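Right, one structure below, let's go through it.
The values are calculated or read from the model by the stated rules, or taken from the named source; none is laboratory data. For clarity, every value in this text was computed on a predicted model and none was experimentally measured. Here Cβ is always computed from backbone atoms with ideal geometry, including for glycine, and neighbour counts include all displayed protein chains. Please note that ligands, DNA and RNA were not included when accessible areas were found on the heavy atoms of the full protein model with its side chains. Shrake-Rupley method; radii C 1.70, N 1.55, O 1.52, S 1.80 Å.
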Amino acid sequence: MIGVCAAVEPASFSVWVDEPVVLLPLSYARALQRAGAIVAMLPPDSLASEAPDEILERVDGLVLGGGADVGANPERDAFEIALTRRALERDLPLLGVCRGMQILNVASGGTLEQHLPTRLGHEDHRPVPGAWAEHEVHLAGGSLAARAAGAELLAVKSHHHQGVADVGEGLQPSAWADDGETIEAIESDDGRSFALGVLWHPEEGRDDRIVPALVDAAGA
């Protein structure tokens, strides 16, 4: 059973317009199901923010999904940061995707670069809002990221403008963009725990091995 943190956003469906819904792209569920997991959606929960074990005792792994910028939804941020900190303490297998990688970093005391294009001088990681950017990332040999992905060079899909600045305590960078500076993955620095954040969206790739690696870790 993998808990996946979900967004609350307005959506239009059937006869309803701008109705608040708990939202999770189907690609997350499909990727986890293909890997043999059952999916539990976790909407922001202020009570669970105070007692995250109430949720974490019921799941075998945790996915911090993508979505709006960190800072845009304080309730969601507080919920996911609380879950992340306790999951790390419990050594619960954890995967952060895009925004989720940023939450992992912030929960560990790290900081974020608020708008990467300001430094990079381009918007290659999100050239068109609402469409995937495709580029390559370089993964450190022997890292959890490389072992999970099964490669040290990976073609990925991304859609973001924030990124990691200072890396949080207990974490280390393990993948970079072509510029060699933009951090594309962070992971636990103890060499044992499955705590991994990636700035791209592995759930969008049919041949992805990162989501199955999380499920394997949870099953173990």
G3 being under 13 Å from the mean Cα position of the chain (by Cα) and either open to solvent by less than 80 Å² (accessible area, probe 1.4 Å) or over 20 Å from N105 (Cα atoms) (or both): yes
Some residue of the stretch 39-59 being of a type outside the set (A, V, I, L, M, F, W, C), closer than 21 Å to L214 by Cα, without any contact (Cβ under 8 Å) to a residue 40 or more places away in the chain and buried (at least 18 other Cβ atoms within 10 Å of the Cβ): yes
Qualifying position, being part of a strand (DSSP E or B), of a type in the set (A, V, I, L, M, F, W, C), under 18 Å from A195 (Cβ atoms) and touching a residue at least 24 places away in the same chain (Cβ under 8 Å), among V8, V4: V4
Residues located in the stretch 21-41, provided they are touching a Pro at 6+ places or on another chain (Cβ under 6 Å) and either part of a strand (DSSP E or B) or among the polar types (S, T, N, Q) (or both): V22
Qualifying residues in the stretch 11-38 (those that are among the small types (G, A, S) and touching a residue at least 12 places away in the same chain (Cβ under 8 Å)) - the one most open to solvent (accessible area, probe 1.4 Å): G36
Residue check, R76 open to solvent by less than 70 Å² (accessible area, probe 1.4 Å), assigned to a helix (DSSP H, G or I) and at pLDDT 95 or above: yes
Filtered residues of the stretch 152-205 (kept if of a type in the set (D, E, K, R) and open to solvent by 30 Å² or more (accessible area, probe 1.4 Å)): E152, K157, D166, E169, D178, D179, E181, D189, D190, R192, E204
Residue match in the stretch 131-143 (condition: under 14 Å from the mean Cα position of the chain (by Cα), of a type outside the set (F, W, Y) and open to solvent by less than 20 Å² (accessible area, probe 1.4 Å)): no
Contacts under 7 angstrom Cβ, first residue in the stretch 181-192 being on the phi > 0 side of the Ramachandran plot, partner modelled with pLDDT of 95 or more and part of a strand (DSSP E or B), 6 or more apart: none
Single unsatisfied condition, W16 versus (1) touching a helix residue (DSSP H, G or I) at 6+ places or on another chain (Cβ under 9 Å); (2) modelled with pLDDT under 95: (1)
Output for the stretch 61-73, where each listed residue is surrounded by fewer than 18 Cβ atoms within 10 Å (Cβ to Cβ) and either among the small types (G, A, S) or modelled with pLDDT of 95 or more (or both): A68, G71, A72
Every residue from the stretch 142-178 that is among the aliphatic types (A, V, I, L, M), outside any loop (DSSP other than H, G, I, E, B) and closer than 21 Å to S193 by Cα: L144, A145, A146, A148, A149, V164, L171, A175
Failed item in (1) touching a residue at least 40 places away in the same chain (Cβ under 8 Å); (2) touching a His at 6+ places or on another chain (Cβ under 7 Å), with A175 passing the rest: (1)
